[in-house]
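Accompanying notes for the structure given below.
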Amino acid sequence: MSLRPKVLVTKIGLDGHDRGSRIVAAHLRDAGMEVVYTPPWQEIAAVVKLAQEEDVDVIGISSLATDHLIVPRLMHALRDAGLAEVGVIVGGIVPDEDERALLDAGVARVFHPGSSLDDIAAFVRDLAARVRSARFPA
Amino acid sequence: MKRDLPRGDDAAAAARLAAIRAGDRGAVARAITAVENGHADAAALLAALEGDLGRAHVVGITGPPGAGKSTLIAALVGECTRRGRRVAVVAVDPSSPLSGGAVLGDRIRMSEVAAAEGVFVRSVASRGHAGGLASATRGIVDLMDAAGFDPVIVETVGAGQSEVAIAALADTSVVVTPPGLGDDVQAIKAGILEIADVLVVSKGDSPLASATVRDLKDMLRLRARRGAWTVPVVLTAATRGEGVAELLDVAARHAEACGRGRRLAGAVQPPGPHDAAARVATLARQDAFLRHCALELLDAGPGRATLAMTVGAEHLNFNGTCHGGAIFALADSAFGLASNSHGPVAAGIEAHVSYHAAARPGDRLVARAEEVSRNARLATYRIDVTRGDVRVASFGGTVYIAARRHAPREAATPAAGARVPGPSS
């Protein structure tokens with residue numbers, strides 16, 4: 001079975017700046033991944049429901065205006081829904097002092113401004129492969 | 001029928017089936033992933049759920065890109081929720097032909113309604129060819145049916161071949177046309193009128209909408225009626241919620257008139273493999289063009305046929321390679337035999353070919369036709385033409401299935417026909 005990572009690219013909270021998430025979504029597509037894309041302003045409960053229905057391997061949260069601060073709540077909600085194994089990455093503007101808190105909450109990695117799109121794609125592909133093999137043992 | 005799940009824990013398998021039947025969100029989602037990716041246990045899982053199928057009304061929604069399918073479906077889902085129905089949506093988006101990746105954006109217009117508890121939305125990438133799309137989507141629809149969702153709505157990418165393939169999955173096919181396409185309406189009308197059970201003119205707040213409704217009704221008047229059902233034309237303005245309840249009611253009336261679970265009728269495998277092989281052998285013997293082109297029948301069965309030819313001097317074009325028409329004739333003949341293998345007379349209504357490599361004098365070309373999807377009215381086939389390990393051409397085609405069967409004399413050719421004649425016969 002060939003692995004085609006399935007990734008959710010979304011934004012939670014009140015920030016509507018979605019240019020970054022669109023660029024990342026398009027690049028992941030061009031890297032051969034299947035990307036579920038949503039508009040900004042998603043509620044955490046809606047993201048969890050969507051991730052479960054779409055059975056995604058990785059969730060990418062774009063945050064440009066402090067929405068990363070509610071990502072730990074998303075991690076909690078994912079665990080409560082039995083989706084603890086789904087990989088979560090955050091990209092955008094995250095102050096260094098907040099990054100530790102996100103990683104402690106279970107975020108796999110934070111990508112800062114200036115990150116290379118190819119690096120993001122490579123990381124997501126690896127993360128998806130790990131998640132997939134944990135969920136569907138051969 | 002094989003109903004046992006292969007190896008592994010029986011209790012776990014039973015629990016998994018029970019969770020799917022109970023509509024457990026996670027269990028349904030993971031089963032869909034298994035079907036989508038062709039996991040080893042997917043076929044057994046679907047077989048075990050066969051007895052649970054046919055309760056859902058499956059509505060296929062198709063139409064050209066930008067017609068407003070997603071917006072209409074969001075409105076339909078909202079209306080179903082208001083009526084207390086548990087509704088599932090399969091939204092198909094195209095895969096990139098270059099990278100194989102996809103951006104699945106159908107949920108963009110559904111975010112509000114998709115959050116409701118009784119709604120299940122799954123995005124699917126078309127992954128290249130219509131065949132893969134159709135076979136995976138059929139399994140996904142079956143899972144949603146077994147999980148108790150009703151209706152199940154299937155949204156397709158708006159492109160010719162897939163429209164027809166998806167129509168074969170639905171009990172009710174709804175074709176969405178935006179207003180003001182003008183000559184484009186004329187161009188697509190043949191295909192649309194063949195598959196549509198309900199026609200929708202979207203964007204009903206546009207000034208051109210009523211003229212488009214009139215055009216479509218005019219076209220429908222010129223068409224022979226199929227049974228008792230008259231194809232209605234519904235005007236919708238989904239963003240305002242207009243016409244949405246009416247569309248849902250019309251679709252329900254179609255299900256009452258034509259039978260819920262109609263999609264399953266095509267999945268029934270009536271004759272055994274020997275009947276099909278015998279029928280194909282008989283048809284091949286009666287085919288003058290097959291003889292004229294010296295095409296040899298190598299193998300046949302229900303929904304499949306394999307033909308071969310050797311490229312000779314008479315097949316060459318001015319470049320000294322095998323003429324594309326000869327390759328087409330080979331593929332088309334395999335297509336014709338495979339589609340007529342079940343018994344009912346099947347007539348080709350569409351075919352296309354891609355040529356990948358040249359064939360030269362002395363090459364032996366083999367065309368293998370396989371059935372991709374089939375319902376009571378339409379079936380699609382994929383034919384690969386190869387020379388050894390090299391793929392020379394890919395051919396795809398759709399047939400319309402007539403009510404009449406091949407004459408009994410032909411179909412019932414006895415025992416001798418049970419063996420497919422080899423290249424020498």
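The values are calculated or read from the model by the stated rules, or taken from the named source; none is laboratory data. For clarity, every value in this text was computed on a predicted model and none was experimentally measured. Heads up, the Cβs are rebuilt from the backbone with ideal geometry, glycines too, and the neighbour counts pull from every protein chain shown. Just so you know, the surface numbers come from the protein's heavy atoms only, side chains and all, with ligands and any DNA or RNA stripped out. Shrake-Rupley method; radii C 1.70, N 1.55, O 1.52, S 1.80 Å.
Which one of the conditions (1) free of Cβ contacts under 8 Å to residues at least 40 places away in the same chain; (2) of a type in the set (Ser, Thr, Tyr); (3) in a helix (DSSP H, G or I) does B:THR71 fail to meet, given that it meets all the rest?
If we test B:THR71 against (1) free of Cβ contacts under 8 Å to residues at least 40 places away in the same chain; (2) of a type in the set (Ser, Thr, Tyr); (3) in a helix (DSSP H, G or I), just (1) comes out false.
Please go through segment B:318-363 and give me each residue that is open to solvent by 40 Å² or more (accessible area, probe 1.4 Å) and touching a His at 6+ places or on another chain (Cβ under 6 Å), ordered by number.
Selection gives B:HIS323 alone.
Please identify the pairs in which a residue from segment B:346-369 that is under 12 Å from B:MET309 (Cα atoms) has its Cβ atom under 6 Å from the Cβ atom of a residue that is open to solvent by 30 Å² or more (accessible area, probe 1.4 Å) and hydroxyl-bearing (Ser, Thr, Tyr), counting only partners at least 6 apart or on another chain.
B:ARG364/B:THR310
Those residues that are at pLDDT 85 or above and in a helix (DSSP H, G or I), I need them from segment B:218-242; list them, please.
Listed by number, the residues that qualify are B:ALA238, B:THR239, B:ARG240.
Applying the selection to segment A:19-39, what residues are more than 10 Å from chain B (Cβ to nearest Cβ) and either in contact with a strand residue (DSSP E or B) (Cβ under 8 Å, 6 or more places away or on another chain) or crowded, with 18+ Cβ neighbours inside 10 Å (or both)?
The answer is A:GLY20, A:SER21, A:VAL24.
In this structure, is B:ALA47 part of a helix (DSSP H, G or I) and within 14 Å of chain A (Cβ to nearest Cβ)?
Answer is no for this residue.
Report, by residue number, each residue of segment A:45-58 that is part of a helix (DSSP H, G or I), in contact with a Lys or Arg (Cβ under 6 Å, 6 or more places away or on another chain) and either under 17 Å from A:ARG130 (Cβ atoms) or more than 7 Å from chain B (Cβ to nearest Cβ) (or both).
none
Which residue out of A:PRO39, A:PRO113 is closer than 16 Å to A:LEU8 by Cα, assigned to a loop (DSSP other than H, G, I, E, B) and not small (Gly, Ala, Ser)? Full working, then the answer.
Working: A:PRO113 fails: closer than 16 Å to A:LEU8 by Cα.
Going through A:PRO39, A:PRO113 in turn, the sole match is A:PRO39.
Condition first: within 13 Å of chain A (Cβ to nearest Cβ) and under 26 Å from B:CYS258 (Cβ atoms). Can you find one or more residues in segment B:96-113 that meet it?
So far as segment B:96-113 goes, no, none of its residues is within 13 Å of chain A (Cβ to nearest Cβ) and under 26 Å from B:CYS258 (Cβ atoms).
Right, A:ALA84: within 14 Å of chain B (Cβ to nearest Cβ) and not in a loop (DSSP other than H, G, I, E, B) or not?
Numbers: within 14 Å of chain B (Cβ to nearest Cβ): yes; not in a loop (DSSP other than H, G, I, E, B): no.
Judged against the criteria, A:ALA84 is not a match.
So which helices (runs of 4 or more DSSP H) are wholly in segment B:115-200 and hold at least 2 residues that are outside the structural domain of B:THR230 (by TED's automatic domain parsing) and either modelled with pLDDT under 90 or open to solvent by 10 Å² or more (accessible area, probe 1.4 Å) (or both)?
So the answer is none; nothing clears 2.
Going by what's in this entry, would B:ARG82 be described as of a type in the set (Lys, Arg) and closer than 23 Å to A:GLU34 by Cβ?
So B:ARG82 does not fit the description; no.
All but one of (1) open to solvent by less than 40 Å² (accessible area, probe 1.4 Å); (2) modelled with pLDDT under 95; (3) more than 14 Å from chain B (Cβ to nearest Cβ) hold for A:ARG135, so report the exception by its number.
It fails just one condition, (3).
Looking at (1) within 22 Å of A:ALA45 (Cα to Cα); (2) in contact (Cβ under 8 Å) with a residue 40 or more places away in the chain; (3) away from every other protein chain (no Cβ under 14 Å), can you tell me which one B:GLY84 breaks?
(2)
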